[in-house]
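Here's the structure, in structure tokens; my notes come after.
The values are calculated or read from the model by the stated rules, or taken from the named source; none is laboratory data. This structure is a prediction, so every number in the text was calculated from the model and none was measured. Neighbour counts run over all protein chains shown; Cβ positions are idealised from the backbone, glycine included. Surface areas here come from the heavy atoms of the whole protein model, side chains and all, with no ligands, DNA or RNA. Shrake-Rupley method; radii C 1.70, N 1.55, O 1.52, S 1.80 Å.
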Amino acid sequence: MAKVIAVSIGLPLMAVILISMFMAAITCLKEEERSIYLVLMEGDALASIHQHSSTMQSNREASKTHAKHLISSHDQFLQTTLDTGSYNKLHSYKHIINGFSVHTTPSQAERLRSKPGVKLVEKDRGVKRMTTYTPEFLSLPKGIWAKEGGETNAGEGVVIGFVDSGINPFHPSFAYDPMLPFKSNLSRFDGACITGPLFPPTSCNGKIVAARYFSAGAEAAATLDPSKDFLSPYDADGHGSHVASIAAGNAGVPVVVNSFCYGKASGIAPRARIAVYKAIYPSVATLADVIAAIDHAVLDGVDILSLSVGPNGPPEDTLTFLNMFDISLLFARKAGVLVVQAAGNNGPASSSVVSFSPWSVTVAASTTNRRYPSSLVLGNGAVLSGVGLSGPSFGNGSVWHKLVLAKDAVKKSGTSPKTEYIEECQHPEVLDPHIVLGSIIICTFSGGFYNGTSTLAGIIGTVKALGMEGFVLVANPSYGDYIAEPMPFAFSGILIPRVEDAKAILKYYEERTKRNKKGNAGEFGALAAVGEGRLASFTGRSPIVSRFSSRGPDIIDNKKHVADVLKPDILAPGHQIWAAWAPISASEPFLRGNSFALLSGTSMSTPHVAGIAALMKQHNPSWTPSMIASAISTTSSKYDHLGQPIMAEGYEVNTLLPATPFDYGSGFVNASRAVDPGLVLSSDYADFISFLCSLPDVDTDAVVAATGEQCNHPFAYPFSLNLPSVTVSALRGSVSVRRTFTNVGNTTETYLATVRPPNGTDICLHPTWFTLTPLGTQDLDIHISVVQPMQNFTFGEIVLTGNLNHIVRITLSVFAISV
């Protein structure tokens with residue numbers, strides 16, 4: 001009997017134990033949520049074997065064989081290392097790096113880290129978009145375009161690759177004109193056209209020469225929405241079309257929005273070809289897909305890679321220069337591809353730049369001198385300036401319309417719960433249509449706009465729903481002046497961003513509004529009219545570094561230790577740029593239905609420089625990426641169009657501060673001078689390895705792991721890298737730096753070297769003059785001494801003036817620590 005009792009007690013106990021184990025397993029599974037990991041393997045990728053993208057093309061069969069071998073090795077490695085069912089391989093990287101991306105758990109990722117043959121395992125940080133008139137602003141029609149035969153030839157024979165959200169192939173900026181056939185056959189380029197939803201075979205029309213999409217990372221990271229996350233190169237977002245048209249859109253395309261023509265748009269290199277590598281989706285974007293896109297762009301043979309997307313911050317557990325993304329760009333550079341990358345939109349904070357490496361050209365953003373002024377005319381005759389991009393109110397601004405403050409138009413018996421931020425005009429259902437019909441409503445910039453829950457699209461929806469004539473968005477004294485960016489309104493509207501002007505409007509309004517004892521408005525006597533806001537004016541100071549543009553100094557790690565590299569490299573237009581758009585506009589409902597958009601960001605400045613680089617490559621086909629990058633930097637200007645030092649927008653609205661190289665790099669890009677710089681400074685792949693090996697306290701094993709190269713020849717200092725600038729982050733006593741110049745001119749030229757030392761330093765140059773024959777080289781020794789310790793970086797410049805009118809500028813950035 002006892003045994004029976006024992007058995008009957010034992011069975012439930014075993015069940016409890018099993019249940020506990022099962023629940024623990026579930027808990028572990030919950031903790032082990034999958035993420036995307038990027039894995040770098042030992043062994044050569046194709047670029048390491050062939051050294052240049054052009055040789056990969058000429059040895060295509062051998063390349064295919066090696067690529068298949070790498071894919072097979074990745075698959076076999078995963079099968080023998082990770083548990084069955086615990087992972088999904090997303091991409092094999094085989095062209096510029098040997099590695100793969102995998103969707104798996106942290107514990108499985110740790111297994112990968114511990115295995116021989118694995119050099120680096122890094123968690124995917126995700127990526128972010130860095131979100132007409134500029135050819136004239138950059139003096140292209142009379143400058144470099146004229147040298148290349150005008151807009152019908154500018155950029156001919158050059159392929160620009162865009163890793164972004166795809167392209168709208170139906171846009172006129174990307175149309176092929178059979179009456180103007182391309183002259184070059186692009187024998188070194190070999191891309192493919194992958195079709196899919198909204199992207200038929202005819203999309204690759206000669207202007208668009210390749211189109212692919214990369215989605216494995218996106219599909220692993222999120223559930224894609226088939227209504228907008230199209231598995232094709234089609235751009236449902238608009239961002240990719242915008243940047244591609246800035247760099248290489250066709251010339252003379254009419255910009256029509258809301259039935260109004262704002263002029264004609266043209267890409268910087270309108271005859272350059274476009275290769276599309278979609279890796280950004282409206283719902284999600286991953287580094288895994290972006291690196292796969294870069295990998296394939298280099299294999300195809302693009303000349304220039306334009307990146308208006310990228311990580312939104314430094315890596316957490318490795319040096320900024322040694323993360324998978326930047327290492328991919330290093331090997332793209334090794335393969336002969338110039339990489340142009342957005343600085344980021346986290347300004348004006350110090351060290352906010354997110355493009356770190358010296359092998360990329362990092363682009364900051366500036367304003368142009370184009371403005372879209374508008375005006376509000378009050379019934380008392382006062383005229384207030386504002387910002388808008390809409391037509392005038394009915395009567396062309398000469399017919400008066402009732403002016404109504406939003407909170408005075410609330411329904412008296414309303415039961416709507418949407419009472420927060422009524423003054424911001426976001427909810428038409430709370431307003432009395434009898435009061436606001438045909439009126440101009442006054443909306444107030446309050447907490448909703450400040451925290452991002454209220455939008456201009458909300459105001460437009462309210463105006464449309466209730467049949468109003470237009471709107472005014474005034475500043476709120478509680479929040480101060482706000483930043484007003486012009487947007488194309490389908491209804492009359494104006495932004496009044498200054499508190500002082502808002503007070504004048506409200507004072508007039510109260511004087512003409514009759515209220516009862518409870519303070520409720522009963523009669524509205526204030527009148528107003530909105531003026532024309534779609535006509536551009538070309539006045540004022542420019543360029544100015546845009547507030548949002550990310551700033552230097554460059555950093556080595558996420559603890560913000562400063563690097564001896566100048567970032568950003570260059571400044572270009574990136575504020576209020578008209579360019580192509582996708583009517584679906586999945587991420588910007590306000591722009592839905594439009595074929596053009598006016599946007600700001602380093603996303604916009606980057607393709608300007610990519611387009612200029614294409615013009616330079618056309619003019620100088622044998623130039624390497626470092627020669628192009630050098631010429632862009634050394635010919636730039638630190639002065640605006642008024643001849644004054646460039647200024648930068650600060651944190652406070654309407655504040656300008658003296659800009660420094662950490663705002664604009666070497667200066668504002670000058671395309672016409674960049675094509676004929678006189679001298680260039682070159683760095684190759686081996687130099688970049690020497691740079692990495694010379695970083696302070698660097699783990700050389702980490703360099704070997706990331707690059708596969710030994711640290712046999714490190715520089716004495718990181719700033720010994722032959723860049724077109726000198727940045728010393730901590731100078732104690734004195735140091736000597738050398739820069740080597742090559743004459744790329746057609747004739748012998750003599751140069752005189754002068755210097756403006758940074759405050760707190762003394763600089764000696766040797767030699768102070770030299771003569772160079774074509775392709776001749778010259779070393780310039782720069783001896784920098786601290787004469788007075790400083791509290792921060794100070795800046796100076798070396799200027800080499802040639803007797804044939806070439807001027808070469810080398811930016812100096814030095815933090816003098818001690819004598």
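The table below lists the values:
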quantity	calculated
Count - residues of the range 387-402 that are closer than 21 Å to Thr539 by Cβ and crowded, with 23+ Cβ neighbours inside 10 Å	3
The lone exception for Ala365 - which of (1) farther than 30 Å from Gly643 by Cβ; (2) outside the structural domain of Val463 (by the TED database); (3) assigned to a strand (DSSP E or B) it fails	(1)
Answer from Leu376, Leu405 - the residue that is crowded, with 24+ Cβ neighbours inside 10 Å and farther than 30 Å from Tyr639 by Cα	Leu376
Looking only at the range 786-819, and only at residues there that are under 15 Å from Ala730 (Cβ atoms) and in a loop (DSSP other than H, G, I, E, B), the one that is most open to solvent (accessible area, probe 1.4 Å)	Gln791
Of all residues in the range 435-458 being touching a strand residue (DSSP E or B) at 6+ places or on another chain (Cβ under 7 Å) and surrounded by fewer than 20 Cβ atoms within 10 Å (Cβ to Cβ), the one that is nearest to Met487 (Cα to Cα)	Ser446
The lone exception for Ile496 - which of (1) aliphatic (A, V, I, L, M); (2) surrounded by fewer than 24 Cβ atoms within 10 Å (Cβ to Cβ); (3) outside the structural domain of Thr362 (by the TED database) it fails	(2)
Tally of residues being open to solvent by less than 20 Å² (accessible area, probe 1.4 Å), among the aliphatic types (A, V, I, L, M) and out of contact with any helix residue (DSSP H, G or I) (no Cβ under 8 Å at 6 or more places or on another chain) across the range 717-734	1
Any hit, the range 549-562, residues being under 22 Å from Glu649 (Cβ atoms), in contact with a His (Cβ under 9 Å, 6 or more places away or on another chain) and not β-branched (Val, Ile, Thr)	yes
Lone unmet requirement of (1) surrounded by fewer than 24 Cβ atoms within 10 Å (Cβ to Cβ); (2) more than 21 Å from Val337 (Cα to Cα); (3) of a type in the set (Phe, Trp, Tyr) for Trp623	(2)
Residues located in the range 546-588, provided they are acidic (Asp, Glu) and under 16 Å from the mean Cα position of the chain (by Cα)	Asp569
Cβ pairs under 6 Å, 6+ apart, first in the range 750-767 and in the same structural domain as Glu797 (by the TED database), second open to solvent by less than 20 Å² (accessible area, probe 1.4 Å) and among the polar types (S, T, N, Q)	Pro758/Thr794; Asn759/Thr794; Gly760/Thr794
Unmet criterion (only one of (1) surrounded by fewer than 24 Cβ atoms within 10 Å (Cβ to Cβ); (2) closer than 23 Å to Phe170 by Cβ; (3) polar (S, T, N, Q)) for Ser603	(1)
Matching strands (runs of 3 or more DSSP E) fully within the range 583-661 where at least 3 residues are hydroxyl-bearing (Ser, Thr, Tyr) and at pLDDT 95 or above	none
In the range 684-703, the residues that are touching a Pro at 6+ places or on another chain (Cβ under 7 Å) and either open to solvent by 40 Å² or more (accessible area, probe 1.4 Å) or of a type in the set (S, T, N, Q) (or both)	Ser690, Ser694
Hits in the range 735-756 - residues which are part of a loop (DSSP other than H, G, I, E, B), open to solvent by 50 Å² or more (accessible area, probe 1.4 Å) and modelled with pLDDT of 95 or more	Thr747, Thr748
Residue under evaluation Ala706, criteria (1) modelled with pLDDT of 95 or more; (2) within 30 Å of the chain's Cα centre (by Cα); (3) open to solvent by less than 10 Å² (accessible area, probe 1.4 Å), criterion not met	(1)
Exclusive hit being within 17 Å of Ala293 (Cα to Cα), more than 25 Å from the chain's Cα centre (by Cα) and open to solvent by 30 Å² or more (accessible area, probe 1.4 Å), set Asp190, Asp177	Asp190
The range 768-785, residues that are assigned to a loop (DSSP other than H, G, I, E, B) and surrounded by 13 or more Cβ atoms within 10 Å (Cβ to Cβ)	Gly776
Test: residue in the range 201-212 that is in the same structural domain as Leu299 (by the TED database), part of a loop (DSSP other than H, G, I, E, B), open to solvent by less than 20 Å² (accessible area, probe 1.4 Å) and under 27 Å from Ser101 (Cα atoms)	no
Test: residue in the range 427-434 that is over 20 Å from Val530 (Cα atoms), open to solvent by 50 Å² or more (accessible area, probe 1.4 Å), modelled with pLDDT of 85 or more and in a loop (DSSP other than H, G, I, E, B)	yes
Boolean, Asp295 is assigned by the TED database to the domain that holds Glu588, touching a helix residue (DSSP H, G or I) at 6+ places or on another chain (Cβ under 8 Å) and not in a loop (DSSP other than H, G, I, E, B)	yes
Any hit, the range 651-662, residues being open to solvent by 40 Å² or more (accessible area, probe 1.4 Å) and more than 30 Å from Arg541 (Cα to Cα)	no
Lone qualifier among Pro233, Pro178 - being under 21 Å from Thr286 (Cα atoms) and not basic (Lys, Arg)	Pro233
Top-ranked residue in the range 662-706 [being part of a loop (DSSP other than H, G, I, E, B) and aliphatic (A, V, I, L, M); ranked as nearest to Arg547 (Cα to Cα)]	Val669
In the range 264-281, the residues that are out of contact with any Leu (no Cβ under 8 Å at 6 or more places or on another chain) and either among the β-branched types (Val, Ile, Thr) or open to solvent by 30 Å² or more (accessible area, probe 1.4 Å) (or both)	Lys264, Ile274, Val276, Ile280
In the range 78-113, the residues that are among the aliphatic types (A, V, I, L, M) and more than 20 Å from Val290 (Cα to Cα)	Leu78, Leu82, Ala109, Leu112
Residue selected from the range 314-335 under the condition open to solvent by less than 20 Å² (accessible area, probe 1.4 Å) and part of a loop (DSSP other than H, G, I, E, B), by the criterion farthest from Val158 (Cα to Cα)	Pro315
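Quick grid of which residues meet (1) out of contact with any helix residue (DSSP H, G or I) (no Cβ under 6 Å at 6 or more places or on another chain); (2) at positive phi; (3) at pLDDT 95 or above:
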site	(1), (2), (3)
Asn185	yes, no, no
Asp190	no, no, no
Leu198	yes, yes, yes
Gly206	yes, yes, no
Ala221	yes, no, no
